[in-house]
Amino acid sequence: TSALKDRRITLGRVEAPSGELLDEALAVAMHAPHSFTGEHVAELHLHGSRAVVAAVLDACVALGARLAEPGEFSRRAFLNRRLDLAQAEAVADLVAASSEVRRKLALRQLQGGLSNEVRSIRDSLVDAAARIEAHLDFPDEEIPAVASNELSQTMADGLARLASMLKTFEGTRMAREGIRVVLAGAPNAGKSSLFNELVGRERAIVTPHPGTTRDTIESTLEIGGVAVTIVDTAGVRESADSVEQIGIERTWAEVENADVVLVVMDAETPDDSTLKSLADDQSCQRIILLNKCDLVPTDQTELLKARFGAQATTVIACSALTRQGLEPLETALRDMAMGSAAPEEMLVANARQATCLRAAQASLLAASASFSAGLSGELVMVDLRDAIEHVGEVIGLGIGEDILDRIFSTFCIGK
Ligand code: GDP
């Protein structure tokens with residue numbers, strides 16, 4: 001790196017050890033500690049074809065380099081304390097961010113949103129532990145009432161903050177992970193047409209004959225910042241045709257896995273058999289779509305809306321032909337995914353972090369109960385130490401090599 005000035009882009013020739021010219025490229029050196037990992041780093045900005053990259057990689061390997069492991073750069077950054085573990089995870093999340101909500105959550109995490117809150121809780125618990133510990137040396141002295149109240153308050157605050165983070169995590173699953181939306185309804189109601197209009201390109205087979213969508217087909221789109229997977233299913237009806245029967249069975253499997261079911265009805269010939277078959281299933285939200293409303297007068301759709309209003313969260317008159325009603329549908333889907341979640345309040349991004357926080361919560365609850373019951377300081381300390389340890393694991397304190405291996409192996413190569 002010494003031939004290149006720190007963090008200055010230089011144009012040059014990339015040559016193989018044999019002297020053969022491989023590419024004309026830009027190079028930048030980042031001298032330690034001014035790099036992502038904190039180490040000396042050199043980057044080549046090549047013409048990105050497979051042939052050029054392969055030739056340059058071969059030359060680097062011939063000169064003694066090796067390919068990076070998945071997540072190796074983030075792991076080095078973590079080990080060199082450039083990032084804590086929650087921030088390193090945010091790098092992987094940012095690379096994989098499939099929606100606006102996830103991008104914002106990952107960025108907030110990379111900037112320390114979760115880490116700062118976790119560190120602040122941990123600091124207050126460490127402080128409480130130190131004060132209890134100090135009293136262990138003088139077992140005959142009671143902790144004065146004022147100090148005792150403060151300690152109880154510290155633990156109660158910690159519990160409230162952990163609970164709030166976990167509650168937001170649980171309440172924002174659909175916003176974070178996206179929702180699965182299944183189109184269901186009688187054959188010819190217009191499911192495939194709606195699917196195509198929503199997805200914005202012709203992917204499902206649309207024909208005027210019932211029963212041609214025999215399998216399920218899905219596509220993921222981003223609606224209002226949230227990932228929405230739309231699944232088109234075979235029409236729901238009894239069928240003697242065994243191929244179609246398989247499609248119908250898949251429909252029910254899809255409905256069971258759905259977050260939202262779009263019950264599509266032909267507004268001309270509304271048939272609520274799908275609704276009836278869904279009647280006992282309270283596990284997901286449903287929207288009734290009165291499709292083909294271009295073919296019926298408005299007062300008739302209004303009557304239908306009133307008739308079905310009690311059986312679904314939302315009833316929307318729509319038309320795959322004129323695209324009427326699709327915007328309200330997208331708004332309704334986005335609102336269902338977001339629920340009451342305020343994206344700016346989300347801190348916890350993944351199950352690992354949530355598991356650490358839940359373990360911390362359980363230990364802190366035990367510590368707090370023992371403390372209130374006036375049990376011995378030693379006993380309180382056992383649980384309090386556990387709580388501190390689990391909170392610290394969120395940002396990677398005291399985490400073993402094997403767990404780090406598992407976390408970083410899910411990263412992509414080059415990050
Ligand atoms: P599916 O069996 O529920 O998937 O229904 P399709 O999407 O295959 O649609 C069945 C027929 O209804 C096709 O001929 C479509 O062109 C027609 N269709 C679908 N949606 C509408 C609509 O909103 N208005 C009108 N006029 N025709 C529609």
In Å², nearest 10: area of VAL53 left accessible to a 1.4 Å probe
50 Å²
With a point put 7 Å past each Cα toward its Cβ, work out how far ALA62 is from GLU24 in nm, to one decimal.
2.2 nm
For SER273 and THR313, calculate 0.36 nm times their separation in residues minus their Cα-Cα distance, and state this gained length in nm to one decimal.
12.6 nm
With a probe of 1.4 Å, find how much accessible area the chain has per residue, and write the answer as a whole number in Å².
51 Å²
Across the chain, how many lysine pairs, 8 or more positions apart or on different chains, have C-alpha atoms separated by under 23 Å? Please give the number.
8
Of all C-alpha pairs within the chain, those more than 39 angstrom apart amount in percent to 46 percent
Given only helices, namely DSSP H runs of n ≥ 4 each adding -39500 (n - 2.57), what is the per-residue ellipticity at 222 nm of the chain, to the nearest 500 deg cm²/dmol?
-15500 deg cm²/dmol
What distance in nm separates the simple spin-label points at ALA51 and ARG13, each placed 7 Å from Cα in the Cβ direction?
1.9 nm
For ARG406 and SER152 in the same chain, what is the full-extension length gain: residue separation times 0.36 nm, less their Cα-Cα distance, in nm?
87.7 nm
Might you work out the accessible area of PHE138 for me, using a 1.4 Å probe with all protein chains in place, and round it to the nearest 10 Å²?
120 Å²
In whole percent, and with a 1.4 Å probe on the protein chains, what portion of the accessible area of the chain is carbon and sulfur?
53 percent
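The values are calculated or read from the model by the stated rules, or taken from the named source; none is laboratory data. Computed from a predicted model, the values in this text were never measured in an experiment. Note that we place each Cβ from the backbone using ideal geometry, even for glycine, and neighbour counts take in every protein chain shown. Just so you know, the surface numbers come from the protein's heavy atoms only, side chains and all, with ligands and any DNA or RNA stripped out. Shrake-Rupley method; radii C 1.70, N 1.55, O 1.52, S 1.80 Å.
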